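The values are calculated or read from the model by the stated rules, or taken from the named source; none is laboratory data. Bear in mind that the values here come from a model prediction, so they are computed numbers and not experimental data. Counting neighbours? That spans all protein chains shown, and the Cβs are built from the backbone with ideal geometry, glycine included.
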Amino acid sequence: MKTSNPVLARLGQAAERERATGYAPAGPYGQPGTGQPYPTQAGHPAAPPTVAPMTVDDVVVKTVTLLGITGLSAAAAWVLVPDSLLFGAWIGAAIVGLVLGLVISFSRVANPALVVTYAVVEGVFVGLVSKFFEVVAGYQGIVLQAVVATFGVFFLMAALYKMKVIRATPKFTRGLIAAMVGVFAVMMINLVLSLFGVDTGLRSGGPVAIIFSLICIVIASLSFVLSFHEVEEGVRLGLPQRYSWTAAFGILVSLIWLYIEILRLLSFLQGDD
């Protein structure tokens, strides 16, 4: 089985090794976590246990689960965090979420507990950002508009991918990853400059800010293509079922990024009214 994605290729090889060799559970036939194959009573290796491969349905269920956790966490943060602590909690959740996201992204194994924790933390972040725009800044109805627009874009991209209008070719993947890295670098530079009182105009609500938000929205939307491709390739490679959590994590990251950018753009547009 071959794939152009080196990460998926590595995971596919790991899946093949896992199917070829079993791991003994607690009890008389081996110790947990030792990687010892299952022995028979005669001392010869027995057939390894079946490793259930991930399916598209697994990814859908995990994605819906993570969205539900994120939504509940967002609602709780909206209600429980007072306005006086809004900014501090917002920044704290953003930093913790970034660290968790990097750990999950560069991890060699799927960690459902870590992914769920990320959903909880990002829910706090999303809830506080939403409360700021809707309540503190006074943009009535902006959260509902952003939610509808976010899922509208998601389903549109899913339809385009399903109809093969957009495919994750190697050239497309390289270009999109380069664009994502570039945008992230610009965001970091803008953040550092803002700490020193330098206003670049990227987040001030003017024409430059609107154009930058539109660019971010386009890139975030196209990132779904990479997520859909990873799910498709993961199923084809027969990755273990637990990797559906990793695939769902990728979709959740894109959804949150897209929602925040749409929320920001709507605030710019309403501010011009």
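Among the residues of the range 192-203, those that are assigned to a loop (DSSP other than H, G, I, E, B) and either in contact with a helix residue (DSSP H, G or I) (Cβ under 7 Å, 6 or more places away or on another chain) or exposed (fewer than 11 other Cβ atoms within 10 Å of the Cβ) (or both) comprise Phe196, Gly197, Val198, Thr200, Gly201, Leu202, Arg203. Restricting attention to the range 157-180, the residues being in a helix (DSSP H, G or I), surrounded by 12 or more Cβ atoms within 10 Å (Cβ to Cβ) and not hydroxyl-bearing (Ser, Thr, Tyr) number 9.
In this structure, is Leu100 assigned to a helix (DSSP H, G or I), at pLDDT below 90, closer than 23 Å to Leu263 by Cβ and among the aliphatic types (A, V, I, L, M)? Outline the logic, then answer.
Values: assigned to a helix (DSSP H, G or I): yes; at pLDDT below 90: no; closer than 23 Å to Leu263 by Cβ: yes; among the aliphatic types (A, V, I, L, M): yes.
The answer is no for Leu100.
Could you check Leu144 against (1) surrounded by 12 or more Cβ atoms within 10 Å (Cβ to Cβ); (2) out of contact with any Phe, Trp or Tyr (no Cβ under 8 Å at 6 or more places or on another chain); (3) under 22 Å from Leu265 (Cα atoms); (4) at pLDDT 90 or above and say which number it fails? All conditions are met except number (1). Just checking, does the range 122-139 include any residue being over 25 Å from Ala247 (Cβ atoms) and out of contact with any helix residue (DSSP H, G or I) (no Cβ under 9 Å at 6 or more places or on another chain)? Yes.
Candidates are the residues of the range 181-190 that are farther than 17 Å from Val218 by Cβ and surrounded by 12 or more Cβ atoms within 10 Å (Cβ to Cβ); the one that is modelled with the lowest pLDDT is Asn190.
Residue selection: Arg236 fails the criterion of being of a type in the set (D, E, K, R), within 30 Å of Thr63 (Cα to Cα) and either touching a Pro at 6+ places or on another chain (Cβ under 8 Å) or not in a helix (DSSP H, G or I) (or both). Scanning the range 158-175 finds one or more residues that are closer than 19 Å to Ile219 by Cβ, among the basic types (Lys, Arg) and over 19 Å from the mean Cα position of the chain (by Cα).
For the range 54-86, filtering for residues that are crowded, with 16+ Cβ neighbours inside 10 Å, at pLDDT below 90 and either among the polar types (S, T, N, Q) or within 18 Å of Ser227 (Cα to Cα) (or both) leaves 1. Of all the criteria given as (1) among the aliphatic types (A, V, I, L, M); (2) surrounded by fewer than 19 Cβ atoms within 10 Å (Cβ to Cβ); (3) under 20 Å from the mean Cα position of the chain (by Cα), the one not satisfied by Ala89 is (3).
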